[in-house]
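See below for the structure under consideration.
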Amino acid sequence: VLSDGSELNRNRIIAMLSAILLREHPGTTIVTDSITSTGLAKFIKENYYKKLTIEEIAKKFYLNKNYIRTIFVQQMCISPKQYLQKIRMERATFLLINTDEDISLIAKSVGYDDALLFSKMFKQHYSISPQKYRHQIPRESCTDEGPSIIQLVHVGRSHRNLEIDCGTYFLVRK
């Protein structure tokens, strides 16, 4: 911990050393393996319910936002924004199935301040509105054996298996 109370971690040390080197040797390219998509994915998974942007993630990890996107896509085959949406949608499906909470509260709980935007994104992701999803999918309870597998039947011909992660979920009341 620094004298100003901020936490000193590996990425911050690398950023500080890089700044010193760049001042003394302008135009130098610094290559590091300081972060992987695993660390970024963990951060996104732990903070999905917050207003999260790639700029905020870059600041947290002391990295360039374009670099973050590049390594994430290289290692996970999905952009950080798509991964965040995937996590939010998974959490939303769990809350829709396992609670009677209002859609607007579920939207806020997974990081959307606007319930209409949440509904639009949900429908884009699953081809069904949150309200219809809630009524078409039977309630599932999590067991000690792990995630429940349910079948999501879309309007039309396609089918998807949806895995419900039985991790820690909570509702944000504001």
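Assorted remarks:
- If the segment from Thr53 to Glu7 were pulled out straight at 0.36 nm per residue, it would be longer than the present Cα-Cα gap by 14.4 nm.
- Surface share of carbon and sulfur [accessible, 1.4 angstrom probe, percent] for region 33-87: 53
- Calculated FRET efficiency for the pair Ala19/Asn98, C-beta based, R₀ 35 Å, to 0.05: 0.15
- Links that overshoot a 25 Å alpha carbon limit, given the list Lys81/Lys108; Lys51/Lys86; Lys59/Lys86; Lys108/Lys132; Lys60/Lys120; Lys65/Lys132: Lys60/Lys120; Lys65/Lys132
- Residue-by-residue Karplus 3J(HN,Hα) for region 85-93, coefficients 6.51, -1.76, 1.60, Hz, glycine and proline x: 5, 4, 4, 4, 5, 4, 5, 4, 4
The values are calculated or read from the model by the stated rules, or taken from the named source; none is laboratory data. Note that this is a predicted model, so its numbers are computed, not measured. Ideal geometry is used to build each Cβ from the backbone, glycine not excepted, and the neighbour counts take in all protein chains shown. Only protein heavy atoms, including side chains, enter the accessible area calculation; ligands, DNA and RNA are left aside. Shrake-Rupley method; radii C 1.70, N 1.55, O 1.52, S 1.80 Å.
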